[in-house]
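Visitor: Next up is a structure, given as structure tokens.
Derivation of every value follows stated rules applied to the coordinates shown; laboratory data play no part. Remember, predicted model here, so these are calculated numbers, not experimental data. Using ideal geometry, Cβ is built from the backbone for each residue, glycine included, and neighbour counts are taken over all protein chains shown.
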Amino acid sequence: MKATAKAHSNIALIKYWGKRDERLNLPAVGSISLTLDALHTVTSVHFDSALNDDELILNDEKAGDKETARISAFLDLIRQMAGMTHKARINSQNNFPTAAGLASSASAFAALALAAAKAAGLSLSRKELSVLARQGSGSAARSVYGGLVEMKRGSAADGRDAYAVRLAEPDYWDLRLLIAVTSEAKKPVGSTAGMRLSERTSPYYHAWVDNSENDLQDMRQAVQQKDFEKVGELCEFSALKMHALALSSNPGLIYWNGATVEGMHVVRSLRRTGLPVWFTIDAGPQLKALCLPEAAAKVTEALQNVPGVRQVIECRTGPDALVLNEEAPL
Ligand code: PMV
């Protein structure tokens with residue numbers, strides 16, 4: 001009734017923004033991501049008949065009611081699948097500061113899905129794990145796999161065909177993602193609320209959904225051909241389109257700060273000097289630069305010199321989520 005699992009975060013190169021069903025957390029569009037080695041979550045779950053409530057420890061501190069309730073609702077799915085009612089003690093650690101505004105829900109829900117399913121005695125396939133993780137957070141469905149990953153939008157009403165598949169193994173391509181941390185504040189509008197607002201108010205929402213299949217198809221092909229220039233171009237295009245959607249919501253969602261904008265210009269000016277580097281940005285102010293290994297040192301130096309950039313974290317392609325020794329202490 002006890003297990004520990006580790007999952008890595010990921011960065012979407014083709015972005016997910018919008019839900020076709022909010023209750024089941026079904027995406028309105030597919031997405032493609034790169035799993036990141038440098039950012040991970042290790043989570044242990046212990047189902048215990050002596051507990052009256054679920055207890056969540058997050059980075060060595062007791063989590064608040066809101067966070068615990070979100071985790072409890074997720075564990076209910078697993079309890080239902082396993083036909084049991086035991087409450088659980090959950091201990092989750094990120095190797096990066098949660099407050100740093102870096103995506104933690106992807107690695108968190110992938111690690112939780114894996115550890116909790118194992119602790120509950122369920123033996124799930126990666127596909128079933130991805131379906132499960134998706135119900136915690138859309139991006140978590142992708143963190144079940146390492147390498148390059150595609151999340152399928154699916155069309156079934158119950159979400160059974162909305163899961164991630166592997167596009168390429170972790171060792172397929174040596175890519176680097178450099179994260180320029182520009183703020184450590186928690187973002188004011190989370191992704192679920194932001195997506196809801198865009199769907200309701202952006203005049204561009206339907207165009208975004210209608211065009212998404214083209215981007216996915218082009219990215220799949222670029223990955224298959226190892227055409228880095230094409231991958232980079234599509235990655236920037238998707239990020240800017242997603243932010244155009246956020247900006248055109250009402251009230252407009254501005255996830256950037258000054259350093260984010262300056263970082264975009266720096267990446268483009270590096271590119272004009274011949275360096276293979278493109279940017280992407282999630283629902284927050286961190287600027288992420290995608291490049292080939294030979295460009296990493298120069299790009300890191302240039303981003304470190306952008307006023308407002310606090311640190312640059314270098315990530316390589318990360319591995320699959322995995323179960324650690326079931327009795328291993330964190
Ligand atoms: O699934 P969530 O709630 O982590 O939302 C992810 C939204 C973006 O990070 C902005 C895009 C993406 O595909 O990861």
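Visitor: Using Cβ counts within 10 Å as a stand-in for footprinting exposure, how do H86, H8, H40, H206 rank, fewest first?
Guide: Least to most surrounded, the residues fall as H206, H86, H40, H8.
Visitor: I want to verify a result. In a Gaussian network model of the chain, Cα cutoff 10 Å, which of these has the top mean-square fluctuation: A110, A82, A119?
Guide: Sorting by GNM fluctuation, first place goes to A82.
Visitor: Sorted by packing (mean other beta-carbon atoms within 10 Å per residue), highest first, where do 23-29, 111-117 land?
Guide: 111-117, 23-29
Visitor: Okay, next question. Sort C235, C315 so the one with the fewest other Cβ atoms within 10 Å of its own Cβ comes first.
Guide: Going from least to most buried by this count: C315, C235.
Visitor: For the range 140-171 and the range 271-310, what is the centre-to-centre distance using only Cα atoms, to the nearest Å?
Guide: When both Cα centres are located, 27 Å separates them.
Visitor: What Kirkwood hydrodynamic radius, in Å, does the range 110-235 give when the mean of 1/r is taken over all pairs of distinct Cα atoms and then inverted?
Guide: Result for the range 110-235, one decimal place: 16.9 Å.
Visitor: Note the full-extension length gain between Y204 and R126 as 0.36 nm times their separation in residues minus their Cα-Cα distance, in nm to one decimal.
Guide: Here the segment from Y204 to R126 would lengthen by 24.6 nm.
Visitor: Rank the residues K226, K288 as a footprinting-exposure proxy: fewest other Cβ atoms within 10 Å of their Cβ go first.
Guide: K226, K288
Visitor: Quick one: what do you get for the range 176-315 if you divide its Cα Rg by 2.2 N^0.38 Å?
Guide: Rg over 2.2 N^0.38 Å, computed on Cα atoms: 1.07.
Visitor: Might you report the magnitude of the Cβ-based charge dipole of the range 138-296 about its Cα centre, with Lys and Arg at +1 and Asp and Glu at -1, to the nearest 20 debye?
Guide: It comes to approximately 340 debye.
Visitor: When each pair of different Cα atoms in the chain is counted once in the 1/r mean, what is the Kirkwood radius in angstroms, to one decimal?
Guide: Result for the chain stands at 20.0 Å.
Visitor: Something else about it: Would you mind getting the Kirkwood hydrodynamic radius of the range 145-186 from its Cα pairs, rounded to one decimal in Å?
Guide: The answer is 13.1 Å.
Visitor: Follow-up. What does the highest-first list of 211-224, 129-142 look like by mean Cβ count within 10 Å?
Guide: 129-142, 211-224
Visitor: Which value, in debye to the nearest 20, gives the size of the charge dipole of the chain about its Cα centre, when Lys and Arg are +1 and Asp and Glu are -1 at the Cβ?
Guide: Taking the Cα centre of the chain as origin, the dipole is about 400 debye.
Visitor: Given the rule -39500 (n - 2.57) for each run of at least 4 DSSP H residues, summed and divided by the residues of the chain, what is its mean residue ellipticity at 222 nm, to the nearest 500 deg cm²/dmol?
Guide: Roughly -11500 deg cm²/dmol at 222 nm, from the helical runs in the chain.
Visitor: Let me know the Rg and Dmax you get for the range 2-173 when you use only its Cα atoms, in Å.
Guide: Here Rg and the maximum Cα pair distance are 15.2, 48 Å.
Visitor: Springs between alpha-carbon atoms under 10 Å, Gaussian network over the chain: tell me which of N59, N91, N250 tops the mean-square fluctuations.
Guide: Of N59, N91, N250, the Gaussian network model singles out N250 as fluctuating most.
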